[in-house]
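Trainee: A single structure is presented below for examination.
The values are calculated or read from the model by the stated rules, or taken from the named source; none is laboratory data. Bear in mind the structure is a predicted one, so any value in this text is a computation, not a measurement. Cβ coordinates were reconstructed from backbone atoms using ideal geometry, including for glycine residues, and neighbour counts include every protein chain displayed. Protein only, heavy atoms only, side chains kept; ligands, DNA and RNA dropped before computing areas. Shrake-Rupley method; radii C 1.70, N 1.55, O 1.52, S 1.80 Å.
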Amino acid sequence: MTFADILLPVAVPRPFTYAVPDGAAISPGMRVRVPLGKSKICEGIVLELHRTPPTSKNGPKTIFEILDTQPFVRPEQLRLWEWIAAYYLCTPGETMKAALPAGIRNGSYRPSAQLHVRLAPDYRSSAKIAELLENIRRAKTQCKALLAYLSFLPCAPDGEPQLAPDDPAALWVPRSDITEDIPATAILRLVERGILEQQEIIPSAHDGHPSSPPVPELPADTPPYAAQITAAFAGHATVLLSGEIADTRNTALSVYISLAAQEIARGRQTLLLLPDTVLTARITNALQAAFGPRCLFYHSRLTDRARSAAYQRMIEQPGSVGLVVGTRSALFLPFRQLGLVIVDNEHDPNYRQNDPAPRYHARDTALVLASLHGAKTLLASPTPSAESWLNAAGNGKYGAVSIPAATGDILPEVTILERGKGLLSTYLRKRIGRTLDQGRQVVLFQNRRGFAPYVECANCGATPTCPHCNVTLTYHKETSALVCHYCGWSRPYSSTCTSCGMHALVPRGIGTERIEECAAELFPDTKIARMDTDTARNAGAVGRILTDLVEGETGILVGTRMVARTAQAGDRIGLVGVINADNMLAHPDFRAAERAFQLLMQLKTLLPADGSGELVVQSSQRLHPALVAVANHDTAGFYARELEERQGLLYPPYVRMLRLTFRHPDKTQTTAAAQACEALLRERFGRRVSPPFEPQVDRVQNLFILHLLLRIERQRPVARAKTILLEILARIRKRFPAVHIIAEADPQ
DNA sequence: AGCACGCCGACT
DNA sequence: GTCGGCGTGCTC
Ligand SMILES: [Zn+2]
Ligand SMILES: [Zn+2]
């Protein structure tokens, strides 16, 4: 009797063992369908075959179906999953869930023949669709059904659905996918009208995928720094590329293209990780142009189907993929002959996944992925993370290539001053006016969206808070609502105070909406645009904002963090104003100074290289080291000081942090569990354990939250600490089963 | 983590 | 009488 250890996308501590049907062709890495529990059927991955029966209560169950004839998950992937689960303190099943696109590991059972629908041939163009939507406007549900169908189509790199793919079979979408929130009758009507076609299709494990693309032309010229990086790789597996990386000059991009082309020429794959999808159209377009069909895009904005198709292409035609461009989830694709991993803007906090598990850092995971494949890693950022800076400049673990300023470049002027009473200091207001008069553009940065972070009653002093969270409600003027930024709860705005009934609520503090309004009053003839998560919902909206900026349409661009990455060749930005740097610096997080420095330095890159631009920072902490370093353009000095401080205060990168989070609707329960855990941890870890402490917002969605921190010195075995931690955690969970506890490594 | 089973308050 | 709240325990 043969048994198979099967990894299931379920949060159980270890794989389950099933019996293999006699004579079945099965090997590790294949997908199988297995019974789980009373009546569920689940898809899992074969890890290992052996002859030891499981120790479960009611004997072994038998595998239902083997879905593959060749491994679907490569051994390097399984080893990466294992590393993530162990390092980031989650189960292998949770990692598997994150790693395989939903369309593939979709836990539910699908009947063998399924109704599919697709667009009829007459309507396969965006013009036809637009016309059609106009014609059936009256039938609202049918419109919705059609839009729902379109949302399931694989996307072209520009984010629009591909209406006329080379293979029309790619247009088939399972009807049940659409009917999840659309009545089936609406789809039936569309079929009757001849807009959609309907057919029963038997899904095979490996269905429609694009055929092998032709070999692309390689770019002939090598940019100046690519050779330096290649040389640095001779002595180091990892190289940090930093210095004057200017988006407007495509400095990094030309290096990426050249290095990827080298790898492709040697028959190896490259993975390029980007921090997000919104501001990367420029990069993806250039890569598409350079590598054509050898370039594969993979990110969370793709539909499940498109993600599955990408995965299957990598498995079945690895030779057709030279460069994978994607967000952090692209780490989990089935690479073969991976030669190089590039992490663009490696300091970006988006690389950290915070929820759900696995709570991993894509930059650090990328290094492990590369080492599993014997590949090289290029970390690139004009403002590296403190961790990477230490490894490159401090201890020499990484090779380092720094791009110097181009000859003739003059650094922009930096002015730091008090804001004063109003929103804009007189100085900043005058500078904005002068910049606009010169026909140049202004960027205003503020790290808060909405109109005002809180409102206050002028009569009684009361401030409305979220009923579910311990946090003030943010006033959004555009939607006339008070919104909780932690749980999303909102109510319509009214200036009547709920405490005293007076008509006396006034907005307090500064959000991007208020800056936009204020700028519009001061400069009525200037077109003002705002870019934050409220206005930059999708790639289209971002594209419009960027186009308006580069075409000179926009005079003033107001926004949050994302404005720092809007640099484009052709814009005429002459001034960047930071409305209030204090709230960045006051953030209760040991990374606050680092984050502020990185952001301000990046804002500076929006300014022209001829020295004619100016960065104005409004802050009451004019002597703050981060601000001084920005003013002096002193990156090395900033990191030296910052690292020294971290070493003294026992913060990363000199210690590894493990964090526990306790959550329960009853505060006494949260406290009891955290204190009991602290006591047990203290027995083993002594002073390395922090007392329980409240996060800045100590109640979210009616759950009271407490944290515990454990600091492990770099040189000590962190794996052993984690084992002990998990043992203690198991005991605490038994004693406080209702308290929700999560453990994280390297919390951000 | 899901998800079934199970045991007590407010509705037809 | 039933619908449904979420506490508890299991999944090879
Ligand atoms: Zn009041
Ligand atoms: Zn809330």
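Trainee: Within the stretch A:499-534, restricting attention to residues that are among the acidic types (D, E) and within 19 Å of A:S425 (Cβ to Cβ), which residue is surrounded by the most Cβ atoms within 10 Å (Cβ to Cβ)?
Mentor: A:E516
Trainee: Now for a separate question. Give me the pairs, please: first residue somewhere in the stretch A:35-56 and open to solvent by less than 50 Å² (accessible area, probe 1.4 Å) and of a type in the set (F, W, Y), second residue anywhere and within 12 Å of DNA strand C (Cβ to nearest atom) and modelled with pLDDT of 95 or more, beta-carbon distance under 8 Å, and either six or more positions apart or on two chains.
Mentor: From residues that are open to solvent by less than 50 Å² (accessible area, probe 1.4 Å) and of a type in the set (F, W, Y), there are no pairs.
Trainee: Specify which of the listed residues (A:P60, A:P101, A:P54, A:P92) is within 14 Å of DNA strand B (Cβ to nearest atom), on the phi < 0 side of the Ramachandran plot and not assigned by TED's automatic domain parsing to the domain that holds A:L367.
Mentor: Residue meeting the stated conditions: A:P92.
Trainee: Any residue that is open to solvent by 60 Å² or more (accessible area, probe 1.4 Å) and at positive phi - is there at least one of those in the stretch A:679-686?
Mentor: No; the residues of the stretch A:679-686 include none that is open to solvent by 60 Å² or more (accessible area, probe 1.4 Å) and at positive phi.
Trainee: Of the residues A:S619, A:S612, only one is hydroxyl-bearing (S, T, Y) and touching a helix residue (DSSP H, G or I) at 6+ places or on another chain (Cβ under 9 Å); which?
Mentor: A:S619
Trainee: Something else now. Looking at the stretch A:292-315, which of its residues are in contact with a Cys (Cβ under 8 Å, 6 or more places away or on another chain) and open to solvent by less than 40 Å² (accessible area, probe 1.4 Å)?
Mentor: Once the filter is applied, which keeps residues that are in contact with a Cys (Cβ under 8 Å, 6 or more places away or on another chain) and open to solvent by less than 40 Å² (accessible area, probe 1.4 Å), the stretch A:292-315 yields A:L302, A:T303, A:A306.
Trainee: Taking A:I45, is it at pLDDT below 95, among the hydrophobic types (A, V, I, L, M, F, W, C) and more than 8 Å from DNA strand C (Cβ to nearest atom)?
Mentor: Here the answer is no, as A:I45 does not meet what is asked.
Trainee: So if I check each of A:A98, A:A139, which one is at pLDDT 80 or above and over 18 Å from A:W172 (Cβ atoms)?
Mentor: Result: A:A98 is the single residue among A:A98, A:A139 that is at pLDDT 80 or above and over 18 Å from A:W172 (Cβ atoms).
Trainee: Please find, among A:I732, A:I742, A:I712, the residue that is away from ligand 2 (no atom under 16 Å from the Cβ), open to solvent by less than 70 Å² (accessible area, probe 1.4 Å) and more than 31 Å from the chain's Cα centre (by Cα).
Mentor: Only one candidate passes the filter, namely A:I732.
Trainee: Taking the stated definitions as given, is A:T496 touching a His at 6+ places or on another chain (Cβ under 8 Å) and either open to solvent by 40 Å² or more (accessible area, probe 1.4 Å) or away from DNA strand C (no atom under 16 Å from the Cβ) (or both)?
Mentor: For A:T496, the condition - touching a His at 6+ places or on another chain (Cβ under 8 Å) and either open to solvent by 40 Å² or more (accessible area, probe 1.4 Å) or away from DNA strand C (no atom under 16 Å from the Cβ) (or both) - is met.
Trainee: Got a sec? Which of A:Q598, A:Q568 is open to solvent by 30 Å² or more (accessible area, probe 1.4 Å) and either touching a Leu at 6+ places or on another chain (Cβ under 6 Å) or within 25 Å of A:T280 (Cα to Cα) (or both)?
Mentor: Answer to the check: A:Q568.
Trainee: Which residue is farthest from A:Q598 (Cα to Cα), if the candidates are limited to the stretch A:532-575 and must be out of contact with any strand residue (DSSP E or B) (no Cβ under 9 Å at 6 or more places or on another chain) and not in a helix (DSSP H, G or I)?
Mentor: Ranking the qualifying residues of the stretch A:532-575, first place goes to A:E551.
Trainee: On to the next question. Among the listed residues A:I66, A:I45, A:I26, A:I84, identify the single one that is under 21 Å from A:Q312 (Cβ atoms) and within 29 Å of the chain's Cα centre (by Cα).
Mentor: So the residue among A:I66, A:I45, A:I26, A:I84 that is under 21 Å from A:Q312 (Cβ atoms) and within 29 Å of the chain's Cα centre (by Cα) is A:I45.
Trainee: Right, another one. Does the stretch A:642-650 contain at least one residue that is touching a strand residue (DSSP E or B) at 6+ places or on another chain (Cβ under 6 Å), under 27 Å from A:N583 (Cβ atoms) and not in a helix (DSSP H, G or I)?
Mentor: yes
Trainee: When the residues of the stretch A:288-303 are narrowed to those that are more than 21 Å from A:R336 (Cβ to Cβ) and of a type in the set (S, T, Y), which ends up farthest from the chain's Cα centre (by Cα)?
Mentor: A:T303
Trainee: Further, regarding this structure: Suppose we keep only residues that are within 16 Å of ligand 1 (Cβ to nearest atom) and open to solvent by 60 Å² or more (accessible area, probe 1.4 Å) within the stretch A:459-490. Which one would you say is nearest to A:D666 (Cα to Cα)?
Mentor: A:T465
Trainee: Among the candidates A:L333, A:L367, which residue alone is buried (at least 24 other Cβ atoms within 10 Å of the Cβ) and of a type in the set (A, V, I, L, M, F, W, C)?
Mentor: None of the other options fit; the residue is A:L333.
Trainee: Within the stretch A:540-556, can one find any residue that is closer than 26 Å to A:Q748 by Cα and either touching a helix residue (DSSP H, G or I) at 6+ places or on another chain (Cβ under 8 Å) or crowded, with 16+ Cβ neighbours inside 10 Å (or both)?
Mentor: no
Trainee: Name the residues in the stretch A:4-19 that are farther than 23 Å from A:P358 by Cα and surrounded by fewer than 19 Cβ atoms within 10 Å (Cβ to Cβ), would you?
Mentor: The one that is farther than 23 Å from A:P358 by Cα and surrounded by fewer than 19 Cβ atoms within 10 Å (Cβ to Cβ): A:A19.
Trainee: When the stretch A:130-163 is examined, which residues are found to be open to solvent by less than 70 Å² (accessible area, probe 1.4 Å), on the phi < 0 side of the Ramachandran plot, touching a residue at least 40 places away in the same chain (Cβ under 8 Å) and under 30 Å from the mean Cα position of the chain (by Cα)?
Mentor: Within the stretch A:130-163, A:A145, A:L146, A:Y149, A:S151, A:F152, A:L153, A:P154, A:C155, A:P157, A:L163 qualify.
Trainee: Before we move on, is A:P183 at pLDDT 75 or above and open to solvent by 40 Å² or more (accessible area, probe 1.4 Å)?
Mentor: Answer is no for this residue.
Trainee: Return the residues of the stretch A:376-388 that are open to solvent by 10 Å² or more (accessible area, probe 1.4 Å) and either closer than 15 Å to A:L331 by Cα or assigned to a helix (DSSP H, G or I) (or both); say none if nothing qualifies.
Mentor: Hits for the stretch A:376-388 are A:K376, A:E387.
Trainee: So, of the residues in the stretch A:499-526 that are of a type in the set (D, E, K, R) and in contact with a strand residue (DSSP E or B) (Cβ under 8 Å, 6 or more places away or on another chain), which turns out to be farthest from DNA strand C (Cβ to nearest atom)?
Mentor: A:E516
Trainee: Which of the residues that make up the stretch A:301-331 are within 22 Å of A:Q70 (Cβ to Cβ) and among the basic types (K, R)?
Mentor: Of everything in the stretch A:301-331, those that are within 22 Å of A:Q70 (Cβ to Cβ) and among the basic types (K, R) turn out to be A:R305, A:R307, A:R313.
Trainee: So, A:P71, is that one open to solvent by less than 70 Å² (accessible area, probe 1.4 Å) and away from DNA strand B (no atom under 16 Å from the Cβ) or not?
Mentor: Yes, satisfied.
Trainee: Going by the structure shown, is A:R537 open to solvent by 40 Å² or more (accessible area, probe 1.4 Å), modelled with pLDDT under 95 and more than 21 Å from A:T248 (Cα to Cα)?
Mentor: yes
Trainee: Here are some conditions: (1) modelled with pLDDT of 95 or more; (2) among the polar types (S, T, N, Q); (3) not in a helix (DSSP H, G or I). A:T277 meets all but one. Which one does it not meet?
Mentor: Against the list (1) modelled with pLDDT of 95 or more; (2) among the polar types (S, T, N, Q); (3) not in a helix (DSSP H, G or I), A:T277 comes up short only on (1).
Trainee: Tally time: how many residues in the stretch A:320-357 are at pLDDT below 95 and more than 30 Å from A:A564 (Cα to Cα)?
Mentor: Residues in the stretch A:320-357 being at pLDDT below 95 and more than 30 Å from A:A564 (Cα to Cα): 0 in total.
Trainee: Taking interchain pairs and intrachain pairs at least six residues apart, which have beta carbon atoms under 7 angstrom, with the first residue in the stretch A:454-482 and aliphatic (A, V, I, L, M) and within 11 Å of ligand 2 (Cβ to nearest atom) and the second in a loop (DSSP other than H, G, I, E, B) and open to solvent by less than 10 Å² (accessible area, probe 1.4 Å)?
Mentor: A:V471/A:C484; A:L473/A:C466; A:L473/A:C484; A:L482/A:L473
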